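To start, the structure itself, in structure tokens.
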């Protein structure tokens, strides 16, 4: 079975996921071409660079954009995806990841799903991260996806509504029924987008299975730690 293993020992975010999948050997130009089907290319610019995180050579994926004062709603984003010419599998995966974040935010704030509007879903970088992940997963043609347990970090973070404990409320809500891993790292290791990627894509949470590994990818995060690299490691292999 062709298997993707997501080793999120330092957490997971959308940009780390895309960078790690591209580092497996997938085509950045193909990703950009597919994302143009959302008809948002005037709002952002994508960059891919090589960085070294604590001795590990990794890819760094960034979405550069101008911050807008308005936020798209969940309903707006679903319509955007449905109206695009992306294939049905990419549309399905994208909408499912947005749905789990939207339901989490809706429950926390007491808002119906279609009316949810917030940074995690509305910002252009989150749209690119989620749809981009779906595009690359579809390209890999996998039989199964397995993930490690998810470390969320510790301490507090500043979000739109004030200072909250880690994990952020939306992240924790999304990760219900997903095994978490204890971490003493101060700060947010797993974002709501990263949590949704694991929740929707991973059919199993376990240690690295018995598999023959063909490719390994490293996607860099934005943080730097003294004792370990802030990267997401992915592996393609057969079981």
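The values are calculated or read from the model by the stated rules, or taken from the named source; none is laboratory data. Bear in mind that the values here come from a model prediction, so they are computed numbers and not experimental data. Every residue, glycine among them, receives a Cβ derived from its backbone with ideal geometry; neighbour counts consider all protein chains shown.
The single condition among (1) surrounded by fewer than 18 Cβ atoms within 10 Å (Cβ to Cβ); (2) modelled with pLDDT of 95 or more; (3) part of a strand (DSSP E or B) that residue 89 does not meet is (3). Could you go through region 121-139 and let me know if any residue there is surrounded by fewer than 19 Cβ atoms within 10 Å (Cβ to Cβ) and at pLDDT 95 or above. Among the residues of region 121-139, at least one is surrounded by fewer than 19 Cβ atoms within 10 Å (Cβ to Cβ) and at pLDDT 95 or above, which makes the answer yes. Is there a residue in region 215-234 that is assigned to a strand (DSSP E or B), surrounded by fewer than 19 Cβ atoms within 10 Å (Cβ to Cβ) and over 15 Å from the mean Cα position of the chain (by Cα)? Checked against the condition, which is being assigned to a strand (DSSP E or B), surrounded by fewer than 19 Cβ atoms within 10 Å (Cβ to Cβ) and over 15 Å from the mean Cα position of the chain (by Cα), region 215-234 yields at least one hit. Restricting 38, 31 to those that are in contact (Cβ under 8 Å) with a residue 60 or more places away in the chain, within 26 Å of residue 202 (Cβ to Cβ) and over 16 Å from the mean Cα position of the chain (by Cα) reduces the list to 38.
Against the condition in contact with a helix residue (DSSP H, G or I) (Cβ under 9 Å, 6 or more places away or on another chain), within 23 Å of residue 229 (Cβ to Cβ), crowded, with 19+ Cβ neighbours inside 10 Å and touching a residue at least 24 places away in the same chain (Cβ under 8 Å), how does residue 189 come out, does it pass? I'd like the intermediate steps shown before the answer.
Working: in contact with a helix residue (DSSP H, G or I) (Cβ under 9 Å, 6 or more places away or on another chain): no; within 23 Å of residue 229 (Cβ to Cβ): yes; crowded, with 19+ Cβ neighbours inside 10 Å: yes; touching a residue at least 24 places away in the same chain (Cβ under 8 Å): yes.
For residue 189, the condition - in contact with a helix residue (DSSP H, G or I) (Cβ under 9 Å, 6 or more places away or on another chain), within 23 Å of residue 229 (Cβ to Cβ), crowded, with 19+ Cβ neighbours inside 10 Å and touching a residue at least 24 places away in the same chain (Cβ under 8 Å) - is not met.
State the number of residues belonging to region 1-28 that are closer than 28 Å to residue 224 by Cβ, touching a residue at least 40 places away in the same chain (Cβ under 8 Å) and more than 14 Å from the chain's Cα centre (by Cα). Looking only at that region, the number is 7.
For region 192-229, the set of residues classified as more than 16 Å from residue 13 (Cβ to Cβ) and in contact with a helix residue (DSSP H, G or I) (Cβ under 9 Å, 6 or more places away or on another chain) consists of 205, 215, 216, listed by residue number. When we screen 136, 172 for residues that are farther than 24 Å from residue 32 by Cβ and touching a helix residue (DSSP H, G or I) at 6+ places or on another chain (Cβ under 9 Å), the only hit is 172. Counting only residues that are on the phi > 0 side of the Ramachandran plot and either surrounded by 14 or more Cβ atoms within 10 Å (Cβ to Cβ) or touching a strand residue (DSSP E or B) at 6+ places or on another chain (Cβ under 8 Å) (or both), region 18-67 holds 2 of them.
Among the numbered conditions (1) touching a strand residue (DSSP E or B) at 6+ places or on another chain (Cβ under 7 Å); (2) modelled with pLDDT of 95 or more; (3) not in a strand (DSSP E or B), tell me where residue 71 comes up short. With (1) touching a strand residue (DSSP E or B) at 6+ places or on another chain (Cβ under 7 Å); (2) modelled with pLDDT of 95 or more; (3) not in a strand (DSSP E or B) applied to residue 71, the lone miss is (2).
Here is a check on your reading of the model: is residue 13 within 19 Å of residue 93 (Cβ to Cβ), touching a helix residue (DSSP H, G or I) at 6+ places or on another chain (Cβ under 6 Å) and at pLDDT 95 or above? Considered against the rule, which asks whether it is within 19 Å of residue 93 (Cβ to Cβ), touching a helix residue (DSSP H, G or I) at 6+ places or on another chain (Cβ under 6 Å) and at pLDDT 95 or above, residue 13 comes out as yes.
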